[in-house]
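What follows is a set of notes on a single structure, which appears directly below.
The values are calculated or read from the model by the stated rules, or taken from the named source; none is laboratory data. All values reported here derive from a predicted model rather than from experimental measurement. All Cβ positions, even for glycine, are placed from backbone atoms using ideal geometry, and neighbour counts span all protein chains on display. Heads up: the accessible areas ignore ligands, DNA and RNA and are worked out on the full protein's heavy atoms, side chains in. Shrake-Rupley method; radii C 1.70, N 1.55, O 1.52, S 1.80 Å.
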Amino acid sequence: MKQIICPISNEMVNERLTRLNAFFTILIVTAGFVFNSVIFPLVLLADFFIRAFTNARISPVSFLSTGLAKLLHLSKKPIDKAPKIFAARMGFVMTLVIATLFLLQFYTASMVVAGILVFFATLEFAFGICVGCIIYTYFVLPLYS
């Protein structure tokens, strides 16, 4: 299968790390509801902000993912960075909605949005299917063509 190259940027990231980031996202969102605490989504919100909107080299979740990848001796697999940044921005927005709904005590609505985020993160972690990247490819990328 031919790899699609992003014409916006030639920057690459390690797909193994993005999949581990998704794993930690699942754990953090789940912990927030298990412990009935908004702290977990707020930590994840800050992490998504770092990954999506700053030039910081590493976020707390990325730090954990890097450590786990080294521990498991995972090889590097380069993938375009731009779609992953778009996906992180979607994660930021979803986590912002989760935390806001949680703080407003709309727990069911918060859980629904969290369930969608966990579903997307599970697709990324388990199967390498990045929903944000798919949206980016079909809706954002054509704007730059």
Whole-number D in µm² s⁻¹ for segment 47-92, Kirkwood Cα-pair radius fed into Stokes-Einstein, 20 °C, 1.002 mPa s: 188 µm²/s
When the accessible area of the chain is computed with all protein chains present and a 1.4 Å probe, what percentage of it is carbon and sulfur? 71 percent
accessible surface per residue for the chain, probe 1.4 Å, DNA/RNA/ligands not counted, whole Å² -> 61 Å²
Net charge around R89, counting only other residues with Cβ within less than 14 Å of its Cβ (Lys, Arg = +1; Asp, Glu = -1)? +2
In the neighborhood of G132, defined by Cβ-to-Cβ distances under 11 Å, what is the net charge if each Lys or Arg adds +1 and each Asp or Glu adds -1? +1
Once you sort the root eigenvalues of the Cα gyration tensor of segment 9-92 as a ≥ b ≥ c, which label holds: rounded (a/c under 1.5), prolate (a/b larger than b/c) or oblate (the other case)? oblate
Using θ = phi - 60° and the Karplus form 6.51 cos²θ - 1.76 cosθ + 1.60, what ³J(HN,Hα) does each residue of segment 127-139 get, whole Hz, x for Gly and Pro? 10, x, 9, 9, 4, x, 5, 5, 4, 4, 4, 9, 10
Please express the shape of segment 18-66 as an equivalent ellipsoid: the semi-axes are the square roots of 5 times the eigenvalues of the C-alpha gyration tensor, given largest first in whole angstrom. 19, 12, 7
Over segment 93-145, what portion of Cα pair distances is larger than 12 Å, expressed as a whole percent? 68 percent
Hey, what number do you get for the chain at 222 nm if only DSSP H runs of n ≥ 4 count, each worth -39500 (n - 2.57), divided across all residues, to the nearest 500? -22000 deg cm²/dmol
Cα-based Rg of the chain normalised by 2.2 N^0.38 Å, two decimals: 1.04
